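Inspection log for the structure reproduced underneath, given as structure tokens.
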Amino acid sequence: MKNISDGFIKISDELAIFPGFLFEQFKRTKFYKSQDGIKIIYLDEQQNIKDRKYIVSLFFREERIYIVSLICCDKEFSEIDERKRKILHDNILKEWGIKEQNEYSWGKIVSNYDDRSNISSIDIMYF
């Protein structure tokens, strides 16, 4: 990440997400594999961001980035212990200097746990 307070998230050398990032811009990256810009896009491989490995997914709304979801894979959790990953994500946000539910002019960042799907993620949401 370069400057999270500006909404800039460097996923790889080829892919950086920022407020107003368009699906057309995503289509010009190596990660584009004829995905539909209406559905959630999961990047094929884990990405290294700030010395940690993440599963990264992107969700566009009306051709603009809406959510970047990060799931840290540095530590494996059983299905029963998935809630513990939320604690890991909370700690990662603290390392990045981000308080829980921090809002900015461009969007907000949250550490999330969804009971229904039993998934924990760091969600970067753009307004």
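The values are calculated or read from the model by the stated rules, or taken from the named source; none is laboratory data. Here the structure is a predicted model, which means the values were calculated and not measured. No Cβ is skipped: glycine too gets one built from the backbone with ideal geometry, and neighbour counts run over all protein chains shown. In case anyone asks, the SASA skips ligands and DNA or RNA and just uses the protein heavy atoms, side chains included. Shrake-Rupley method; radii C 1.70, N 1.55, O 1.52, S 1.80 Å.
Values as computed for the structure displayed
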{"quantity": "Cα-based helix-to-principal-axis angle, 82-95 vs the chain, degrees rounded to 10", "calculated": "70"}
{"quantity": "Hypothetical label at ARG61: residues of the range 92-117 whose amide nitrogen lies under 12 Å (7 Å Cα-Cβ projection)", "calculated": "107-108"}
{"quantity": "Value of [θ]222 nm, deg cm²/dmol, for the chain, DSSP H segments ≥ 4, -39500 (n - 2.57) each, nearest 500", "calculated": "-4000 deg cm²/dmol"}
{"quantity": "Peptides ranked, highest mean first, by Cβ atoms within 10 Å: ranges 60-73, 22-35", "calculated": "60-73, 22-35"}
{"quantity": "Residue-normalised accessible area of the range 4-127, given per residue in Å² at a 1.4 Å probe", "calculated": "60"}
{"quantity": "The chain: most fluctuating residue of ASP90, ASP44, ASP115 per GNM, C-alpha cutoff 10 Å", "calculated": "ASP115"}
{"quantity": "In Å, descending, principal axis extents of the Cα set of the chain", "calculated": "38, 30, 28"}
{"quantity": "Charge dipole (debye, nearest 20) of the chain; +1 at Cβ of Lys and Arg, -1 at Cβ of Asp and Glu", "calculated": "160"}
{"quantity": "Sulfur and carbon atoms: percent of accessible area, the range 4-74 [1.4 Å]", "calculated": "46"}
{"quantity": "Between the range 22-55 and the range 58-124, the alpha-carbon center distance in angstrom", "calculated": "16"}
